[in-house]
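Any read-out appearing in this document is the output of simple, stated calculations on the displayed coordinates, not a laboratory observation. Quantities reported herein were computed from a predicted structural model and do not represent experimental measurements. Don't worry about glycine lacking a Cβ; one is built from the backbone with ideal geometry, like all the others, and counts go over all protein chains shown.
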Amino acid sequence: MGTGGRRGMRLGKGAEGATAVSYPYRCIECNQEAQELYRDYNHGVLKITICKCCQKPVDKYIEYDPVVILINAILCKTQAYRHVLFNTRINIHGKLCMFCLLCEAYLRWWQLQDSNQHTDPDDLIHYAKEWDFYRMFVIASFEQAAFFIGIFTFLWVEQPMTAKKKPTFVLLLKALLLSSYGKLLLIPAIIWEHDYTPLCLKLIKVFVLTSNFQAVRVTLNTSRMLSLLAILSGLLMESIMVYLFQRMK
């Protein structure tokens, strides 16, 4: 691969960013902190740092094409997730969260309009009104917040069992927001509506939850069982919020 592909994934000199307490580097293999990722000896001639703990390259993905990294992340590969979360400066968490909420709101609005087509028009008070979309956006926001609160509450209770030091919940929130990118698939699933659309929506939900599970596991370096229980706790809290909104309706 040419140097252009490598330079596209660079974050700056390895040792310069490693001193930032708020954004440490991590080995993508063993999750141990690292002072640097690589050293640039001659304008693109890189020597990747070897981890002192596992004796493997701290981050081999700095020489990979971004497309390859994206595919590995989509496939929930642990090393690719660690690379994206710890060793790159990605600042799209808020924008990505907003896009995902808009996708959720559009899905709910579309389902509302679809259900209203089978209702007597005389009984439709707010049919096809623009404010219905904003209402769906608010509902989706509350349900997403409930999902995160359920995860954080479970991890806070189980903190003595997960790690000796305090987990980085801010980083976990960013990881959960990034791992929800699968919700963007809701738009094409609705646009290309067909008989299998409900099945596609369920598969997208499973895919997003799987990504959330991997984000918890990679960020906190915890067991699969504990990560699964955290996701289930979030689902339980989200289901309670859904039930409350249904009762209010």
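Dipole size of segment 176-249 about its Cα centre, with +1 on Lys/Arg Cβ and -1 on Asp/Glu Cβ: approximately 200 debye, rounded to the nearest 20. With the alpha-carbon atoms of segment 19-69 aligned to their principal axes, the span from lowest to highest coordinate is 26, 24, 24 Å, starting with the largest. A protection proxy built from the mean count of other Cβ atoms within 10 Å ranks the segments 147-158, 211-222, most packed first, as 211-222, 147-158. Label positions at K52 and K95, each projected 7 Å from the Cα along the C-beta direction, are separated by 3.8 nm.
Distances between placed amide hydrogens fall under 5 Å for C30 paired with no residue 5 or more residues away or on another chain. In terms of packing, defined here as the mean over residues of other Cβ atoms within 10 angstrom, the peptides 240-246, 56-62, 136-142 line up highest first as 56-62, 136-142, 240-246.
Between the C-alpha center of segment 34-65 and that of segment 181-221 there is a gap of 33 Å.
A protection proxy built from the mean count of other Cβ atoms within 10 Å ranks the segments 73-84, 183-194, most packed first, as 73-84, 183-194. Dipole magnitude for segment 37-97: computed about the Cα centre from +1 point charges on Lys and Arg Cβ and -1 point charges on Asp and Glu Cβ, it is near 200 debye.
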